[in-house]
Amino acid sequence: MKKLLLVLSLFTACSLTYSQDSNSELLKKLVEKNILTQDEADSLQVSSNKNTGNSSLSQSVDKIRQAFNTPYMQFGGYGLLMYKYSDVNKVKHDLSTRVVFLHMQGQIFKDLKYFVMMEFVNPTLTEYYVDWTPSSSFNLRIGQMKTPFSLENQFSLTALESITNTRSVSAFAGMGDDVLKLQNNRNNIGRDMGIKASGSLINTGTHDLLEYGLGIYQGTGLITNETNNSKDFTANIMLQPVKGFHIGGGGYFGEATYIKAGDSERNDHVRNRWIVSSDYKNDRLYARAEWIKANDGGIAKEGIHGVGLWYFIPEKLNAFAKIDYLNQNKEINNEVMDYTLGINYYFYKSCRFQLNYTYSDYSSKWNAPNSNIVLGQMQIVF
């Protein structure tokens with residue numbers, strides 16, 4: 001018995017220090033000396049091969065991760081697969097790959113970082129910027145980025161409670177319903193080229209009392225050259241009197257170049273916005289409300305939305321209700337109301353299944369029928 005234990009101990013030590021070929025030679029010698037049977041040697045050889053293979057694969061994966069994810073270069077991304085049903089569209093059912101984003105980021109020096117992100121369904125370089133952050137009270141960002149206007153605009157699609165952005169935010173924060181789209185025929189997804197300063201001030205021990213953001217932007221949206229000699233300016237300030245509760249506001253002042261309804265030529269038109277925002281968040285509850293007033297080429301516009309979300313199972317299952325009002329021309333009340341209910345189920349970290357239902361109630365001036373829309377989406381984040 002002692003002899004057998006000695007042999008097994010010797011074999012274990014050798015398997016950790018020698019290659020697979022060395023192990024095979026050792027087993028062969030043990031069989032020749034009648035210490036092991038051939039069946040026992042074969043069994044140990046198979047086990048050794050499996051362990052060696054698993055170890056080799058694990059080491060290879062680790063090496064690949066280390067090669068592609070260093071402090072200087074880290075990769076990630078996400079994809080959204082969406083199903084849509086609409087009772088007013090000619091094609092009522094549609095399943096499509098909505099977006100596929102891939103991003104790369106890294107830390108060049110202690111206080112200097114970079115970020116690059118591209119969308120591949122409709123190939124577009126959506127973000128590329130450099131951050132200099134000497135302290136939490138001051139960050140300077142230069143490049144193409146989200147503009148610091150509207151709380152909702154700061155959310156990634158992977159963190160937004162609903163599948164699509166609120167219509168009023170989409171109309172006034174540089175997205176698909178904004179007049180900015182008329183300038184370059186593109187959904188600019190709330191982004192523009194510019195310089196932004198931001199930070200958090202007055203730490204109370206549990207939270208920062210004040211957050212601010214200031215930016216100067218080209219005003220043309222994604223990867224679009226300047227169209228005039230003016231720049232757009234935005235500023236916002238948010239107070240956090242109680243941990244988790246924010247309230248504040250800001251403005252965006254600039255111009256957009258497009259053919260206004262009734263005109264025959266492209267001209268520069270004023271594009272101004274004012275906003276009041278608030279939100280509250282704890283482990284189970286999230287609530288947000290925003291009121292936006294706008295002036296596009298002399299046309300007064302307004303939007304307001306509110307949302308409440310509750311986690312039935314923290315970080316796993318939540319449901320929300322949202323109401324949104326948009327008036328695209330206050331003079332004639334060209335308005336619409338959206339009522340949305342939704343549920344989110346997280347099957348792994350930031351990966352989730354989403355289901356939304358929206359009823360849209362249009363005024364007669366909108367010239368559109370009331371609609372029922374169901375959206376389903378699978379979100380994969382890597």
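The values are calculated or read from the model by the stated rules, or taken from the named source; none is laboratory data. Just so it is clear, the model here is predicted, and its values are computed rather than measured. Ligands, DNA and RNA are stripped out before the accessible areas are found, and what is left, the full protein with its side chains, is counted by its heavy atoms. Shrake-Rupley method; radii C 1.70, N 1.55, O 1.52, S 1.80 Å.
Please go through the residue pairs LYS301/LYS365; LYS316/LYS349; LYS181/LYS301; LYS196/LYS281; LYS84/LYS365; LYS243/LYS322 and name each one whose alpha carbons sit more than 19 Å apart in this structure.
LYS196/LYS281; LYS84/LYS365; LYS243/LYS322
Quick one: accessible surface of ASP94, probe radius 1.4 Å, all protein chains present, in square angstrom to the nearest 10.
70 Å²
Take every DSSP beta bridge with both residues inside region 79-381 and express the antiparallel ones as a percent of the total, to the nearest 5.
Close to 100 percent.
So which aspartates and glutamates can LYS146 reach, going by Cα to Cα under 14 Å and dropping same-chain residues fewer than 8 places off?
Within the straight-line cut-off, LYS146 pairs with GLU127, ASP131, ASP192, ASP232.
I need the shape label for region 79-381. Rule: rounded when a/c is under 1.5, else prolate if a/b > b/c, else oblate, with a, b, c from the alpha carbon gyration tensor.
Rounded, because the longest to shortest axis ratio a/c is under 1.5.
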